[in-house]
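Colleague: Here's a structure for you.
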Amino acid sequence: MKELTKTAYQPLIGITPQYEIERERAWIRSSYTGAVIRAGGIPVILDQYQDNETIKALLPRLDGVLFTGGVDINPKLYGEEIDEKCGEIADARDDFEVRLMEVVEQYEIPVFGMEFVTTAIFNIA
């Protein structure tokens, strides 16, 4: 049996996946996981079906969270109405990511993501 050797610390980076609700499928672009791996980290997939207690138990173990973006955020989250310019909206994902960000802020975990997404909803400088 091959002996395991201890390696340098590898940060755990949570990644939010894309969802296809009708096909009951979550997926992540390999460029996201590949970037985390190339930077020396270990990608951890964060599923929107995790409850608040699971999120609170998992997040303190993470060294960062990558919000990958995707379909449009529901404009009601930032005080606007849905109009014809909006594309597909995933309310379940929005709900999960808002809950996730609340815990991320509580534990002061570094966030990676699309600036327009994080500043519009979460007022992150």
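Colleague: Could you list all residues from region 58-80 that are open to solvent by less than 30 Å² (accessible area, probe 1.4 Å) and of a type in the set (Ser, Thr, Tyr)?
Modeller: Residue satisfying the conditions is 68 alone.
Colleague: Report yes if some residue within region 100-116 is modelled with pLDDT under 85, open to solvent by less than 30 Å² (accessible area, probe 1.4 Å) and within 18 Å of residue 17 (Cα to Cα); otherwise report no. If you could, list the steps in order and put the result at the bottom.
Modeller: In the first step, residues of region 100-116 are kept if they are modelled with pLDDT under 85; the result is 113-116.
Next, only the ones that are open to solvent by less than 30 Å² (accessible area, probe 1.4 Å) stay: none.
No.
Colleague: Looking at (1) at pLDDT 80 or above; (2) surrounded by 15 or more Cβ atoms within 10 Å (Cβ to Cβ), can you tell me which one residue 95 breaks?
Modeller: Of the numbered conditions (1) at pLDDT 80 or above; (2) surrounded by 15 or more Cβ atoms within 10 Å (Cβ to Cβ), the odd one out for residue 95 is (2).
Colleague: Could you grab the pairs with beta carbons closer than 8 Å, sequence gap of 6+ or different chains, first residue in region 82-93 and within 11 Å of residue 19 (Cβ to Cβ), second one among the aliphatic types (A, V, I, L, M) and open to solvent by 90 Å² or more (accessible area, probe 1.4 Å)?
Modeller: Short answer, once both residue conditions are applied: 90/21; 92/21.
Colleague: Need at least 2 residues that are within 26 Å of residue 108 (Cβ to Cβ) per element, so show me which strands (runs of 3 or more DSSP E) inside region 11-83 make the cut, counting only ones lying wholly within it.
Modeller: Details: elements: 12-15, 18-20, 25-27, 42-45, 64-67.
Hits in region 11-83: 12-15, 42-45, 64-67.
Colleague: Which count do you get for residues in region 44-54 that are open to solvent by 40 Å² or more (accessible area, probe 1.4 Å) and touching a strand residue (DSSP E or B) at 6+ places or on another chain (Cβ under 8 Å)?
Modeller: Matching residues across region 44-54 total 2.
Colleague: Please verify whether residue 64 is modelled with pLDDT of 80 or more and either under 27 Å from residue 42 (Cβ atoms) or among the basic types (Lys, Arg) (or both), treating the condition exactly as stated. Before the answer, list the steps.
Modeller: Details: modelled with pLDDT of 80 or more: yes; either under 27 Å from residue 42 (Cβ atoms) or among the basic types (Lys, Arg) (or both): yes.
Yes, satisfied.
The values are calculated or read from the model by the stated rules, or taken from the named source; none is laboratory data. These numbers were taken from a predicted model, which means no experiment stands behind them. Cβ coordinates were reconstructed from backbone atoms using ideal geometry, including for glycine residues, and neighbour counts include every protein chain displayed. Accessible surface is based on the protein model in full, side chains and every heavy atom, while ligands, DNA and RNA are left aside. Shrake-Rupley method; radii C 1.70, N 1.55, O 1.52, S 1.80 Å.
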